[in-house]
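Following: one structure in structure tokens, then a few remarks.
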Amino acid sequence: MKRLLLPLLLTGVAAAGEACCGSGAAQREETYYEKHVAFGDATQEEKLSMAARLVPTPEQLAWQQWELTAFIHFTVNTFTDKEWGDGKESPDVFAPTEIDTDQWVETLRDAGFGMVMLTAKHHDGFCLWPTQTTEHSVKNSRWMEGRGDVVAMLRRSCDKYGVKMGLYVSPWDRNAACYGTGKAYDDFFVRQITELLTGYGEIAEVWFDGANGSEADGKRQVYDWARYIRTVKELQPGAVTAIMGDDIRWVGNEAGRGRAEEWSATALAPASVGLKDPTPAVEALTETSPDLGSRAILDEAKELFWYPSEVDVSIRPGWFYHASEDEKVRSLEALKEIYFASVGSNSVLLLNVPPDRRGRIHENDARRLHEFGEWLRRSFARNLAAGGDTLWTARADEAREFDVKDGPFDAVMLQEEIAKGQRVERFRIEISDDGRTWETAAEGTTIGYKRIVRLPEARTARKLRVTIDGTRAPARISHVGLYLTE
């Protein structure tokens, strides 16, 4: 459900009437809009200023800072060798022989992941906890003689290793007889959400899939998203809701890449919120649109949302485990590419790592994750840009020079202090051996939480110069880094 949020002031809370254009340059400069801003009758210049002061909620900011989340696809499909179940599976199909959630979480934590998200219920309707809402759950499986609870096991492991826990819950349920009946199914689904959000401690993210079964089963349910999201916010106020939620958006592909110009301040509204009287150009926007927040979009927009991107991709070809894919685990080079194109493109990476039929992360996947974690720690351990963590407020066309420590580098990292908004539209990276003659090494568009630009080859230099060629308001650059990521 849409949160009605007033603009924030550094010295207090603005009156509701100030939610649009404000009253003067000083007022506009110190006013921030949390999660949503309506432009009203603002001019184009005022729109740019307001867009620059749209900021994330504390929960959205914390989510972005996790950077890496692991997706765990695990259910009856793991044992039937399918990607989508039909809901007719016997619960006895679910029979892991050596389930080890400690192994999942320790492996993922050591690879740099700050959260683990489990498919508590996929489209087949099979529940990985002993729910009271349906018989299609672990309580009727032969696993642990019906006394098992995967969600509880994962909760204990996340607590043990200091990792956040998230839950994927599909509203499409191919087993539930009440699916497609309207409110009766909504009541059923809300009971399931309530069980999950009241029985398993702190949940950091709830991932709502938008799949609907009308084509597959001939039954269509109009989901009451506002009610589902309201339930999450009431029971887990610290959780973000993703995809069909109102906090986090799908990047628009499953290839593991963000946009070259990735705005978190977007004219694309969360599907569960919708737009008020949109212009045709904005109404046509979808998660797959190449441009969600440029000046051209702002020209048409009547409101903006802080709606950051999550990039979901699997370490294997499929989302669930298939033995035939044991030799098809993505290479380390492929995972590097994905990291740069997701975390390095102002997004969070949601990497799927499906446990096998034993209930363990397969040795091939675990080995690759270990390599990835080692590469990540090695690559970003030493910043060669002296003074790169000193906050820098940069106006358009303003540059700052940095001394470069001895050593080669092949990647430049830039970060904005997004707690004060996303502002940079264009930047330029130059290097010099003498501080007088400069060579352009790279150019880019948006920065946001993090932008990593890779150079064609490793270089050395004595000086680095970063120029902010375009920005919507004075940009707050919180980090400038030079790294060797080979």
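The values are calculated or read from the model by the stated rules, or taken from the named source; none is laboratory data. Just so you know, these numbers come straight off a predicted model, no measurement behind them. Cβ placement follows ideal geometry from the backbone for every residue including glycine, while neighbour counts extend to all protein chains displayed.
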Exercise. Is one or more of the residues making up the stretch 180-198 touching a residue at least 60 places away in the same chain (Cβ under 8 Å), over 17 Å from residue 233 (Cα atoms) and surrounded by fewer than 18 Cβ atoms within 10 Å (Cβ to Cβ)?
Worked result: no
For this session: Considering every residue within the stretch 219-235, establish whether at least one is within 15 Å of residue 35 (Cα to Cα), assigned to a loop (DSSP other than H, G, I, E, B) and touching a residue at least 24 places away in the same chain (Cβ under 8 Å).
Result: no
Exercise. From the residues in the stretch 212-245 that are aliphatic (A, V, I, L, M) and over 22 Å from residue 71 (Cα atoms), which one is surrounded by the fewest Cβ atoms within 10 Å (Cβ to Cβ)?
Worked result: 222
For this session: Take the stretch 109-126 and flag every residue that is touching a strand residue (DSSP E or B) at 6+ places or on another chain (Cβ under 8 Å), assigned to a loop (DSSP other than H, G, I, E, B) and farther than 21 Å from residue 65 by Cβ.
Result: 122, 126
Problem set entry | Cross-chain or 6+ apart pairs with Cβ under 6 Å, the stretch 367-392 first and surrounded by 14 or more Cβ atoms within 10 Å (Cβ to Cβ), then charged (D, E, K, R) and part of a helix (DSSP H, G or I) | 373/110
Seminar exercise, completed: Taking the stretch 445-464 and keeping only residues that are surrounded by 20 or more Cβ atoms within 10 Å (Cβ to Cβ) and either among the hydroxyl-bearing types (Ser, Thr, Tyr) or over 24 Å from residue 63 (Cα atoms) (or both), one is left with 446, 449, 461, 464
Seminar exercise, completed: Taking the stretch 275-311 and keeping residues over 24 Å from residue 425 (Cα atoms) and either without any contact (Cβ under 8 Å) to a residue 24 or more places away in the chain or crowded, with 22+ Cβ neighbours inside 10 Å (or both) leaves 280
Problem set entry | The listed residue being surrounded by fewer than 19 Cβ atoms within 10 Å (Cβ to Cβ), touching a Phe, Trp or Tyr at 6+ places or on another chain (Cβ under 8 Å), farther than 30 Å from residue 300 by Cα and small (Gly, Ala, Ser), out of 95, 62 | 95
For this session: Residue by residue through the stretch 449-486, note down the ones that are among the charged types (D, E, K, R), closer than 25 Å to residue 332 by Cα and in contact with a helix residue (DSSP H, G or I) (Cβ under 7 Å, 6 or more places away or on another chain).
Result: 454
Exercise. Listed residues 314, 324, 345; which is crowded, with 21+ Cβ neighbours inside 10 Å, in contact with an Asp or Glu (Cβ under 9 Å, 6 or more places away or on another chain) and not assigned by TED's automatic domain parsing to the domain that holds residue 443?
Worked result: 345
Exercise. Looking at the stretch 215-235, is at least one residue polar (S, T, N, Q) and farther than 15 Å from residue 348 by Cα?
Worked result: yes
Exercise. Of the residues that make up the stretch 169-187, is at least one assigned to a loop (DSSP other than H, G, I, E, B), polar (S, T, N, Q) and touching a Gly at 6+ places or on another chain (Cβ under 6 Å)?
Worked result: yes
For this session: Identify, by number, the condition in (1) in a strand (DSSP E or B); (2) over 23 Å from the mean Cα position of the chain (by Cα) that residue 454 doesn't meet.
Result: (2)
Exercise. If residue 129 passes every condition in (1) in a loop (DSSP other than H, G, I, E, B); (2) under 23 Å from residue 375 (Cα atoms) but one, which one does it miss?
Worked result: (2)
Exercise. Does residue 411 satisfy the condition of being part of a loop (DSSP other than H, G, I, E, B) and among the small types (Gly, Ala, Ser)?
Worked result: no
For this session: Would you check if residue 359 is outside any loop (DSSP other than H, G, I, E, B) and small (Gly, Ala, Ser)?
Result: no
For this session: Please indicate, with yes or no, whether at least one residue in the stretch 436-448 is touching a Leu at 6+ places or on another chain (Cβ under 9 Å) and either acidic (Asp, Glu) or more than 28 Å from residue 335 (Cβ to Cβ) (or both).
Result: no
Problem set entry | residue 17 buried (at least 20 other Cβ atoms within 10 Å of the Cβ), modelled with pLDDT under 95 and over 30 Å from residue 131 (Cα atoms) | no
Exercise. Which ones in the stretch 115-138 are surrounded by fewer than 20 Cβ atoms within 10 Å (Cβ to Cβ) and touching a Gly at 6+ places or on another chain (Cβ under 9 Å)?
Worked result: 130
